[in-house]
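Report on the following structure.
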Ligand SMILES: CC(C)(COP(=O)(O)OP(=O)(O)OC[C@H]1O[C@@H](n2cnc3c(N)ncnc32)[C@H](O)[C@@H]1OP(=O)(O)O)[C@@H](O)C(=O)NCCC(=O)NCCS
């Protein structure tokens, strides 16, 4: 585990486009903050959500809006981003991507399949993971690391681990078809300055061996942001995404 500590306090400056800085060149990330208002969803998107509470609908729509704007920057206007039975977003066929949202922060990232095998991202309020959850989301090595930190920094640190594991899940599931559990991954945190750094990802527990992955993170104001991108040539895809339960069908502008 890294020897430096997460920064204290809640007043760190919000950085516009913070996710874009966490992904490598070739990944387009779009985000929006503030209260999220209901946005226009396509009929297919709206139906894929089924009956959902207004807050869930707002978050879903905000994530889809970010995804549509990211795809538009890749030349695909008005894309429909469906939703699999397993909840993963269904991207236009030449693209991979990921979506994350909280009540007041939404983001999406996309990239071309020729360049990236998969993407994952997550955002959490930095106080999200209280002590009663630590044993559930962290493996013994990670708990040891949390224990080395000043008491006031431990919740932020645990939230970082949680967020990174959510991002890794969103990346690995569409890529390899693995439903990782929190005890299947061990993260080694390395700081690069006070508020950001990398996480080396190791498979452990009952999970099949994972290819080497590195996630990146940043504490940004009230939030922790995590992102992982797998280059297309990183490792052979063990399972074609098309073999997953839903077909990758959605799209616009002739992209299939
Ligand atoms: C799927 C999961 C990671 C989503 O995370 P979350 O914090 O609940 O929600 P977020 O707002 O961050 O992200 C939700 C988005 O994740 C995406 N997502 C959901 N399921 C997904 C999947 N199977 N594959 C890829 N992306 C998925 C969706 O885009 C979803 O938003 P949408 O429904 O509006 O389209 C989480 O609900 C979950 O099941 N976690 C348990 C397993 C786990 O995290 N293990 C860690 C192992 S290392």
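Annotations for the structure displayed:
- Difference of contour (0.36 nm per residue) and Cα-Cα distance, residue 52 to residue 85: 10.4 nm
- Label-point separation in nm, residue 125 to residue 44, each point 7 Å along Cα→Cβ: 3.5 nm
- Size descriptors for the stretch 125-231, from the alpha-carbon set: Rg then Dmax equal 13.0, 38 Å.
Every read-out reported here was derived from the displayed coordinates using simple, explicitly stated rules and does not represent laboratory data. All of these numbers come straight from a predicted model, not from anything done at the bench. Positions of Cβ are generated from backbone atoms using ideal geometry, with glycine treated the same way; all protein chains shown enter the neighbour counts.
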